[in-house]
1. In region 27-76, what residues are open to solvent by less than 50 Å² (accessible area, probe 1.4 Å), free of Cβ contacts under 8 Å to residues at least 12 places away in the same chain and within 25 Å of residue 139 (Cα to Cα)?
2. Take residue 132 and tell me if it is small (Gly, Ala, Ser), modelled with pLDDT of 90 or more and open to solvent by less than 80 Å² (accessible area, probe 1.4 Å).
3. Considering region 175-193 alone, what residues qualify as being open to solvent by 70 Å² or more (accessible area, probe 1.4 Å) and assigned to a strand (DSSP E or B)?
4. For residue 196, indicate whether it is among the aromatic types (Phe, Trp, Tyr), open to solvent by less than 30 Å² (accessible area, probe 1.4 Å) and either closer than 19 Å to residue 118 by Cα or in contact (Cβ under 8 Å) with a residue 24 or more places away in the chain (or both).
5. Quick one: residue 88 ticks every box in (1) closer than 27 Å to residue 204 by Cβ; (2) modelled with pLDDT of 75 or more; (3) open to solvent by less than 70 Å² (accessible area, probe 1.4 Å) bar one, so which box is it?
6. Name the residue, out of 29, 51, 63, that is under 19 Å from the mean Cα position of the chain (by Cα) and modelled with pLDDT of 90 or more.
7. Only one of these is open to solvent by less than 70 Å² (accessible area, probe 1.4 Å) and without any contact (Cβ under 8 Å) to a residue 60 or more places away in the chain: 172, 240, 220, 225. Name it.
8. In region 199-217, how many residues are open to solvent by 30 Å² or more (accessible area, probe 1.4 Å) and within 15 Å of the chain's Cα centre (by Cα)?
Amino acid sequence: MHLILFLLSDFEKAEKPGENIVLYKNEPKKMGKYTVTYISDTTVAPNTFYKLNFKVYDESTGKVKEDFEVNPHIQSNEKMGLIASPDTKHYLTYDIYTHVTSAPLKEDKEHGDHEGHSEEENYKAPRIVNVSVGDTLHTSSGVLTVKALNPKPQAKDLVIGPKDLAVGMPIEIDVNGKIYKTEPIFLVKGNNVFDFARNIDDLGLRVRFTKVIPDQGKMELQVFEKPQQAKDWVVFKSIEFPYINLYWVGTIVMVVGFLISIFRRQKEVKAV
């Protein structure tokens, strides 16, 4: 998803205020001292809630020093357009105020069925590679690893006869430490071959196990990726308000002082 991140003290060192920064789902981006990731969204009509993760890493050790999430949400209104409700991360001397400024309408992402549709039309042309167990591939989302083959795969629509041969190719995709798992299947049934593709919608990936090459000890794997513009995106703005707590303390002190002056004035009037 698309993102504008405008954090006055830290983020502006990396990006100019007000510039649009592209941030797609599950693709972390470094901005100032923060690494920001759009994790997920949930729609409970008429609201859509977003989960955005912020991390701060120690540059010398690589360990996570700070890890928090914010959950701004929006409501799409026909008369008023997008109505944003912010979320805030509170600190002792400042607050980080985050709100969504733009997001795709859910209906825009839906693709109706019609004659001539194929499941792969929303993906780019596949990468076709010959792989062995243990091989890794780099995708736009993360690192794909081929695991040990499964001689007894199971799937909802898979019917294996006594003379059929079915093999599953377990695959793991590592996205900055988060592991996604799937298993495309290759099937030989009589004189025909079939494959059962698998999609990882969160990553915009589709994989197919399309051939076994026994003399090379290899398998043919097709990796489909959605173009960036087809992935989930969000635009949001984060603003740092320094010394916001001091502002509220000052406001409270001012109100208390005002009330005390009223009570004192009332006593003076009664005394007269």
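1. 62
2. So residue 132 fits the description; yes.
3. Listed by number, the residues that qualify are 178, 179, 181, 189, 192, 193.
4. In short, no.
5. (1)
6. Result: 51 is the single residue among 29, 51, 63 that is under 19 Å from the mean Cα position of the chain (by Cα) and modelled with pLDDT of 90 or more.
7. That would be 172, the only listed residue that is open to solvent by less than 70 Å² (accessible area, probe 1.4 Å) and without any contact (Cβ under 8 Å) to a residue 60 or more places away in the chain.
8. Qualifying residue count, region 199-217: 2.
The values are calculated or read from the model by the stated rules, or taken from the named source; none is laboratory data. These numbers come from a predicted model, not from an experiment. Please note: Cβ atoms are built from the backbone with ideal geometry, for glycine as well, and neighbour counts cover all protein chains shown. Surface areas here come from the heavy atoms of the whole protein model, side chains and all, with no ligands, DNA or RNA. Shrake-Rupley method; radii C 1.70, N 1.55, O 1.52, S 1.80 Å.
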